[in-house]
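The values are calculated or read from the model by the stated rules, or taken from the named source; none is laboratory data. Note that the structure is predicted; figures quoted are calculated from it, not measured. Quick reminder, even Gly has a Cβ in these numbers, built from the backbone with ideal geometry, and neighbours come from all protein chains shown.
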Amino acid sequence: MTAAPETRRPTDAASDDETRLDKATSRAVRSRSLSLLGNLLRPHGKGLTWSGALVVASTAGQVAGPWLVALAIDDALPALRDGNPGMLVAIGAGYLVAAVVAGLTIGAYRRSAARIAQAVMLELRRRVFRQTQRLSLEFHESYTSGRIISRQTSDLEALRELLDGGLTGVVSSLLVMAFTFVGLTLLDWRSGLVLAAAFVPAWFLTRWFQARSRVYYREQRTASARLIVKFVETMTGMRAVQAFRRESTTEAAYEALGDEYREANLRIFGVNGRYQPGLVLIGNMTVVAALAVGGWRVLGGSMEVGVLVAALLYVKRFFFPIQQLGMFYNAFQSAAAALEKVSGLLAEEPTVVEPKQPVPLPAARGGLGLDHVRFQYGDGPVVLPDLDLTIPAGQTLALVGTTGAGKSTIAKLVTRFYDPTEGAVRLDGVDVRDLASRDLRRAVVMVTQEAYLFSGTVRENIALGRPGATQDQVEAAARAVGAHEFVMAMPEGYDTDVNKRGGRVSAGQRQLLSFARAFLADPAVLVLDEATSSLDMPGERLVQHGLQTLLADRTAIIIAHRLSTVAIADRVLVLEHGRIVEDGTPAELIAGEGRYAALHAAWRDSLV
Amino acid sequence: MRVMPTTPPSPAPALPDDPRNVSTPPADLSTFGSVRRLYPFVRPALPRLVGGLLSALGASLAALMIPQALKWAVNGPLAAGALERDWRGLAIAVGLVLVLGLGEAGLILLRRTLVMFPGTRVEAEMRMALFRHLQDLPIAFHDRWPGGQLLSRIMGDLGLLRRWLIFGVLQLVVSITTVVVGVGILVASAGWLGLVYLAGAIPVVVIVFRFSRKYRLISRLSQDQSGDLATTVEESVHGIRVLKAFGRGRDALETFTGQADELRRTEMRKASVDAGLMTSLTLIPEVTIAVCVVLGTLLAADGQVTVGDLVMFFATTAVINGPVVDLGMTLSMTLNARTAVDRYFEVMDARNPLTDPAQDDAAPAPADSAPAPATADPATADPATAGTVELRDVTFRYEDAERPVLEHVHLVLPAGTTTALVGLTGSGKSTLAMLVPRLFDVTDGEVLLDGVDVRHRTRAQVRAAIAVAFEDPTLFSASVRENVLLGVPDELAADEREARLHEALEVAQARFAAELPQGVETRIGEEGLSLSGGQRQRLALARAVAARPRVLVLDDPLSALDVATEEAVTERLRDVLRTTTSLVIAHRPSTVALADRVAVLRDGRITAVGTHSELLATDPHYRHIISSLEEDYAAHPHDGDLDDVEDVTAELTEPEEARP
């Protein structure tokens, strides 16, 4: 895959939206797009050949018709009058065969082309999906879901139009044109020259179209993506939009983007709407030229009328498929622009990479070590200057400090959502960068504040923690966190769809369900990042009770504002600006006079 | 396992507007019905469309006449060739072909130019109409409809319609006209042969009809499935943290693959049905012609028809053949567009039960219904009632649920007081809060704002008076400033807006905003800087405060804050709440501390109202809910060292660093 050195990666929305690329970038982006297309089509070489053959056969069958008609009138009719029906029978039979061949092959061609198109689409969808799952959070934090959706829907749709619209159909068009040209040249090379001269304006016209449509299609893809991003965002935040009466503002913003999209489409129709008639014009003018030149020669006596007639027919026929070719080229430009975006997404490299040779870790014990870890997001401020921390297996560690002290960052490093800028994070002595993600994810699980539920049943959502879990296991996990009761109160219990009838769950209940997930996953290391913030007190008590059992034999990192949750920890770290300022058991720290003691006192007050 | 399961057509009798119900299109009330609904959108574009149609027909005509002109040239001026040297005749012929050629290209250009504006315009207008409708529809609708289904309608379906308007409809009309006229000519002029050809048309018509029925079902299925696929993609990105945290990317991929493969199979079925039609549309006319060739030759041999008749007959069938084959393609395009229109109107038809009152039965409301500062509202003139909220015998049941969430709730929020709403998770607190700004309407009973049923006011009026800070704070891709000033009227003076912004950020302890890379102009939200949960929550709180509402609804506003920040926010928030009627949903004593009094919600009913200490003393359920360590409470001396706390607060609320 070639890429110009200055090709910017579309990690940030702004550069992904750029449409006026400089020459080198444009070329690099285009060649990346085409190589993706080639790569997708390569496994279908046979199928493509077969489709091509089918479409040629079908064209042949259809072309045979007029020829057979001429034969019938010119030869079979006189023969019949002479009392010889044999030829008519042969022609009739021949015509039937041609009809059947044409009909069956066109159908077979349609199926075969669709099979390839759909296989390619499925493969590309999978690649894009796998890639979005593979990419690091850093990427997702700016690329937006809307953009990914637009890659997966409207960009792929453009490719489908190309594949459906006759990637192989072009073969027959080109063949017909080539044969016609050769036929004409053999018949009368001077007319052949006239036809060849038409290539010159056609080439320039196509170049013009290519240059314009490339930019316009890029603009269209970008405008479409932005429209989708805005739509997804507005629908996701509909409650806030309505509560704060922002309907008119969002409407205006959406309309502006919609106009951009409409104008992008208009520009494309405009350029395409000149290209197609331009091709027709060139064809017609070639006929005029052929007639004028041929007519002049006929009148001059250097050409037979019959030859002129044939030559004119050839020229006319040559331009017959040109509209179809133009449409194909248009679809090609559209798909190539879409694939530029898709290939850009696929070319992204995750900042968190899978190890080439992973160190196997079949059963983790759960010992964690942060070895002189320094961390900053991108080139932002340093969050953790130099953190050195050892968490023995089985210890429950609580992290305390303000937002921004680096607690969540530690959680993200341990779970390898990010990699440290310097230093290393080790699990049982192995650098987490050397662990296969499957091993790491089995060993380390995090429950976050945002308890996301996927559409599907309650059971499926809990079972996300351990695919293939039995009903008993799911239920046990739900019981452990105190979610069982409210689940059973739902209309269909564990089979209730969380988006459907009666499936509404409150924020607290969502957190309980995501807790149940973690219970079910049964990891060696459990990271809880503000996982209990929306729980009510009884719920928190229950979870805490469950936690004490759960955490007895595993390592845990707990980040909580609620010091009640911290109370069950074996050890508390107070962080400030990424440094450890206090370290000890809760009892020790409370007994002291440090920050934790003060916080604890404040928290006790808040309880009344 | 289904991480993000597909949504199979529900076997239960689905709601009429259930998005996941792969509905059977209404029988053969057919394409006309759909087209009629389209009419209001298409009407302004109609002259151009008709003009486009005429140009298309003109272009076809010009194209057909070029061979005629050539024939004339060959038979006329050129026939005599070198003998007569009819230069003038040649010049005329060349000129004629030139004019026709220019005419054809010009008419195609004209057609394209005429049609492209209406095509894109109609699409854009329908898109905005849908967007407006979606913004008007209540939250209940959005809870039910997955985003992907809506997206596939507003993008995919409308795109299909655009292409149909620009290419499909003209081609359909041209093709049909050509075929009908051609067959008419054949029947009228070629006697038996014409009838034979017409006989061939009968199976074609039957096949086309059967095809249409089948194809429509599949195209509907395919468009619904792409909507579901889009939903899955959306969820897989929104839930990426969960999927990553549990390492479930592979499972998600499997589910997605299954779903995408289902779509692929549907598409294959569609292609297969389409292929059947193409075979028929090629095979049947060709076989008919084969019969005609034999029959015609026999007739000609018999002297019943002339050779000239035969030539004319077959020349005409050749002209018809192209459009017949095109018809297959255009027909599937038309059916897809029709499905798109159906799907579009399905959402447009979704009834909005939560409407604004008609002008005449509206309560005496502020003259300007535009969102205005609360002070402009005459209702605030009487300070005794300004901002009084009363829930009178309120029952609420979600449309699709069996049991009500709230039953016979009575609750008064006196003007200028703060009431904490306390209850177990799932007891209906958030639901109750959403009834006040009319995000949902009551099933029974009424919600009164300053004595007037909120349903007698427009949503804009009610929501202008009430601001909400939601449990999950939604921030938009915009600057901090825009996010915080979301509920502040745009027409307010710039310095006033600025003042509100700073005050709100200050109250919510969101001073970190000033430390962001571009300060309050920093773009946040999905496309911008990611903030922590606590930071987001504080901005959402600031947003509610900045709106300076008469009624403030705070749904567990401090849940994600640490103790110190919470303390600082509480301190400042009290000032704001002193003059505002507020409902605060609380899970913790620290939040309850904001309130003058507490209402306890249990199983959808208000079971007790009183002050915190009263309830603590009298209500065991309240004690159960609110005190985390009951025994601790009893033992704990209530004399925390406040100075100490404030020190910590000051230190711990220093601006936080942010991530680029």
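For the range B:325-357, enumerate the residues that are among the small types (G, A, S) and within 30 Å of A:A102 (Cα to Cα).
B:G328, B:S332, B:A337
Inside the range B:605-625, can you point out the residues that are touching a strand residue (DSSP E or B) at 6+ places or on another chain (Cβ under 8 Å) and more than 12 Å from chain A (Cβ to nearest Cβ)?
B:R605, B:I606, B:T607, B:A608, B:V609, B:G610, B:T611, B:L615, B:T618, B:D619
Are there any pairs, at least 6 apart or on different chains, whose C-beta atoms fall under 6 Å, with the first in the range B:75-88 and at the interface with chain A (Cβ under 7 Å from one of its Cβ atoms) and the second assigned to a helix (DSSP H, G or I), and if so, which?
What qualifies is B:L78/A:G295; B:L78/A:V298; B:L78/A:V305; B:G81/A:V298; B:G81/A:V305; B:R85/A:L299.
Please list, ordered by residue number, the strands (runs of 3 or more DSSP E) wholly in the range B:398-466 having 3 or more residues that are within 21 Å of B:P557 (Cα to Cα), touching a residue at least 40 places away in the same chain (Cβ under 8 Å) and not hydroxyl-bearing (S, T, Y).
So the answer is B:418-422.
When you scan the range B:568-576, do you find a residue that is surrounded by fewer than 21 Cβ atoms within 10 Å (Cβ to Cβ), under 38 Å from the mean Cα position of the chain (by Cα) and part of a helix (DSSP H, G or I), even just one?
Yes, the range B:568-576 contains a residue that is surrounded by fewer than 21 Cβ atoms within 10 Å (Cβ to Cβ), under 38 Å from the mean Cα position of the chain (by Cα) and part of a helix (DSSP H, G or I).
Mind listing just one residue for me: the one in the range A:67-108 that is more than 8 Å from chain B (Cβ to nearest Cβ) and touching a residue at least 40 places away in the same chain (Cβ under 8 Å) and, of those, surrounded by the fewest Cβ atoms within 10 Å (Cβ to Cβ)?
A:V101
Select from the range A:451-464 the residues that are facing chain B (nearest Cβ under 7 Å) and assigned to a loop (DSSP other than H, G, I, E, B) and write down the one among them that is nearest to B:E254 (Cα to Cα).
A:L464
So the check is Cβ under 7 Å with 6+ separation or different chains; which pairs have a first residue in the range A:348-373 that's farther than 17 Å from A:V525 by Cβ and a second one that's β-branched (V, I, T)?
Final answer for the pair search is A:E348/A:T11.
Take A:P467 and tell me if it is at pLDDT below 90, assigned to a helix (DSSP H, G or I), surrounded by fewer than 24 Cβ atoms within 10 Å (Cβ to Cβ) and in the same structural domain as A:K412 (by TED's automatic domain parsing).
no
What's the number of the condition A:S33 fails, among (1) closer than 20 Å to A:S172 by Cα; (2) at pLDDT 90 or above; (3) away from chain B (no Cβ under 14 Å)?
It fails just one condition, (1).
Can you tell me which residues in the range B:484-517 are more than 11 Å from chain A (Cβ to nearest Cβ), under 23 Å from A:S248 (Cα atoms) and not in a helix (DSSP H, G or I)?
B:E491, B:L492, B:A493
Identify the residue in the range B:215-255 that is more than 7 Å from chain A (Cβ to nearest Cβ) and of a type in the set (D, E, K, R) and, among all such residues, is surrounded by the most Cβ atoms within 10 Å (Cβ to Cβ).
The qualifying residue surrounded by the most Cβ atoms within 10 Å (Cβ to Cβ) is B:D228.
Can you name the residue in the range B:298-314 that is of a type in the set (G, A, S) and at the interface with chain A (Cβ under 9 Å from one of its Cβ atoms) and is also surrounded by the fewest Cβ atoms within 10 Å (Cβ to Cβ) among such residues?
B:A301
For the range A:405-450, which residues satisfy the criterion of being assigned to a loop (DSSP other than H, G, I, E, B), aliphatic (A, V, I, L, M) and either touching a helix residue (DSSP H, G or I) at 6+ places or on another chain (Cβ under 6 Å) or surrounded by fewer than 22 Cβ atoms within 10 Å (Cβ to Cβ) (or both)?
Hit for the range A:405-450 is A:A436, nothing else.
Conditions (1) surrounded by 24 or more Cβ atoms within 10 Å (Cβ to Cβ); (2) within 14 Å of chain A (Cβ to nearest Cβ); (3) of a type outside the set (S, T, Y); (4) over 30 Å from A:S142 (Cα atoms), marked per residue:
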{"site": "B:E390", "(1), (2), (3), (4)": "no, no, yes, yes"}
{"site": "B:T417", "(1), (2), (3), (4)": "no, no, no, yes"}
{"site": "B:L421", "(1), (2), (3), (4)": "yes, yes, yes, yes"}
{"site": "B:P437", "(1), (2), (3), (4)": "yes, yes, yes, yes"}
{"site": "B:G445", "(1), (2), (3), (4)": "no, no, yes, yes"}
{"site": "B:L448", "(1), (2), (3), (4)": "no, no, yes, yes"}
{"site": "B:A464", "(1), (2), (3), (4)": "yes, yes, yes, yes"}
{"site": "B:S477", "(1), (2), (3), (4)": "no, yes, no, no"}
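Yes/no matrix, rows are residues, columns are (1) in contact with a Ser or Thr (Cβ under 7 Å, 6 or more places away or on another chain); (2) more than 13 Å from chain B (Cβ to nearest Cβ); (3) part of a helix (DSSP H, G or I):
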| residue | (1), (2), (3) |
| --- | --- |
| A:R151 | no, no, yes |
| A:S191 | no, yes, yes |
| A:F209 | no, yes, yes |
| A:R221 | no, no, yes |
| A:K230 | no, no, yes |
| A:N265 | yes, no, yes |
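When B:S34 is evaluated against the numbered criteria (1) more than 25 Å from A:V315 (Cβ to Cβ); (2) touching an Asp or Glu at 6+ places or on another chain (Cβ under 8 Å); (3) within 13 Å of chain A (Cβ to nearest Cβ), which criterion, by number, is the only one it fails?
All conditions are met except number (3).
Can you say whether A:V400 is hydrophobic (A, V, I, L, M, F, W, C), assigned by TED's automatic domain parsing to the domain that holds A:D439 and over 20 Å from A:I558 (Cβ atoms), as far as the supplied structure shows?
It is false that A:V400 is hydrophobic (A, V, I, L, M, F, W, C), assigned by TED's automatic domain parsing to the domain that holds A:D439 and over 20 Å from A:I558 (Cβ atoms).
Would you tally the residues in the range A:528-543 being more than 7 Å from chain B (Cβ to nearest Cβ) and in contact with a Gly (Cβ under 6 Å, 6 or more places away or on another chain)?
Selection size over the range A:528-543: 1.
Residue-by-condition table, conditions (1) away from every other protein chain (no Cβ under 14 Å); (2) in contact with a helix residue (DSSP H, G or I) (Cβ under 7 Å, 6 or more places away or on another chain):
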{"residue": "A:T286", "(1), (2)": "no, yes"}
{"residue": "A:V309", "(1), (2)": "no, yes"}
{"residue": "A:R317", "(1), (2)": "no, yes"}
{"residue": "A:I322", "(1), (2)": "no, yes"}
{"residue": "A:V359", "(1), (2)": "yes, yes"}
{"residue": "A:P362", "(1), (2)": "yes, no"}
{"residue": "A:D371", "(1), (2)": "yes, no"}
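Taking the range B:151-186 only, how many residues are farther than 18 Å from B:L38 by Cα and aromatic (F, W, Y)?
0
Please enumerate the residues belonging to the range A:164-197 that are in contact (Cβ under 8 Å) with a residue 60 or more places away in the chain, closer than 30 Å to A:V342 by Cα and buried (at least 18 other Cβ atoms within 10 Å of the Cβ).
Listed by number, the residues that qualify are A:G165, A:G166, A:L167, A:T168, A:G169, A:V170, A:V171, A:S172, A:S173.
Select the helices (runs of 4 or more DSSP H) contained entirely in the range B:113-176, then report the ones holding at least 3 residues which are closer than 21 Å to A:L156 by Cα, of a type outside the set (D, E) and at the interface with another protein chain (Cβ under 10 Å from one of its Cβ atoms).
B:147-151, B:158-163
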